[in-house]
Structure formats: structure tokens, C-alpha cells
Amino acid sequence: MEKIADRIEPLLQQKLALYQELQSILEEEKNHVVSMDVSSLWVTISKKKSLILRIEYIRQNIIRLFGDTYSNLNTAFGSLDLLSMVKHLAVSPEKKGELKKTVFSINTCKKEISLRASENKHFINEHLTIIDGIFSTLWDGKDKSGYNPSGSILNNGGKQRLIHAEV
């Protein structure tokens, strides 16, 4: 049974590394929001999607590995919680302790990612509220011809305007 631990340990390490990478990308994302670097935001979104797909692929490999080893996987492990799976492994206590430590690190990283994602969402909403307030102030002016009803800028004789004001 030590063989399953030897096969699952690298998968857990890869999963942890991917979650740590995702955590750093969320930090980048916040910096891009502050600097209003939209093109870099799109790059971070693409990176996040790629990482999520890779994490899911590893998750499926772990489930398949446990399913191959333990035929009663669905009934024994219920929600397929990693910690529950590791607890049921028939491996030495030392190896089980190492695997549990990695799972705890993964769970801690997931909690931090959840907090960072929530903070970023709040941060983005704050910035959008400020921008919306600026446009609402400008929109109340008499000349609204530079913008369409959705707030997008219209072309004016080949010239695009970001803000139009008359004094």
C-alpha cells in the first residue's frame, strides 16, 4: 500500500504548488486593478482559468487513483474529501502524517485564496462604484451626445472623446 502513497504524494505536491501559484496570481490581479491595467487583468484571468483546469485534472487523477485502489470509494469517502481519503490509506503512520501535512497545506492555501478572491471582488466593486459615480456626475450634464445609453463613447466626426465638458 505504500505504492499508492508514492503515487499520490507527487499529485498532492503538484496541487499545492498550483494553488500557491493561483494565490500569487490573485495578488497580481489586485495590483492590476489598482493600476487600472485592463490588458494585464485579462492575462491574469487567462492564467487563472488555466490553473483551475490543471487543478481539476489533478483532482480527477487523485480520485481515479483512489478509485482504482479502493473499489468502495464512493461509499467510504462520501464527498471525496482529501483528508478523509488520506486517513483511510493503509500506509505507515509516518507516510500518512506527511500526506496529511500536505493536505492541510492545500486546505490552508484554498482558504487564503477564497479570502483573497473575496477581497479582490470587493476591491473591484469599490473601484467600479467610484468610476460609476464619476460617469453619473458627467452624465447629468446637458450635452450627453458623446455617449450612448450604455455609457460607451461615441465617435464624433472621427474623434473619440473620453470626457466632454463645456465651461
Exercise. HN-Hα J couplings of the range 57-63 from phi, Karplus 6.51/-1.76/1.60, θ = phi - 60°, integer Hz, Gly and Pro as x?
Worked result: 4, 5, 4, 5, 5, 5, 4
Problem set entry | Computed lengthening from Ala117 to Lys3, 0.36 nm per intervening residue step minus Cα-Cα distance | 37.4 nm
Exercise. What is the distance, in nm, between label points placed 7 Å from the Cα along the Cα-to-Cβ direction at Arg64 and at Lys96?
Worked result: 2.8
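For a quick check of your reading of the filter: which trypsin sites (Lys or Arg not before Pro) in the range 89-133 sit in a DSSP loop and have no more than 15 other Cβ atoms within 10 Å?
On the way: sites: Lys95, Lys96, Lys100, Lys101, Lys110, Lys111, Arg116, Lys121; in loops: none.
Listed in order of number, the matching sites amount to none.
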Problem set entry | In Hz, Karplus ³J(HN,Hα) per residue of the range 4-16 (6.51, -1.76, 1.60; θ = phi - 60°; x = Gly, Pro) | 5, 5, 5, 7, 7, 4, x, 5, 5, 5, 5, 4, 4
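Readers should treat all values here as calculations from the given coordinates under stated rules, not as data from a laboratory. Since the structure is predicted, the reported quantities are computational estimates derived from the model, not experimental observations. Positions of Cβ are backbone-derived with ideal geometry, glycine not excepted, and every protein chain shown enters the neighbour counts.
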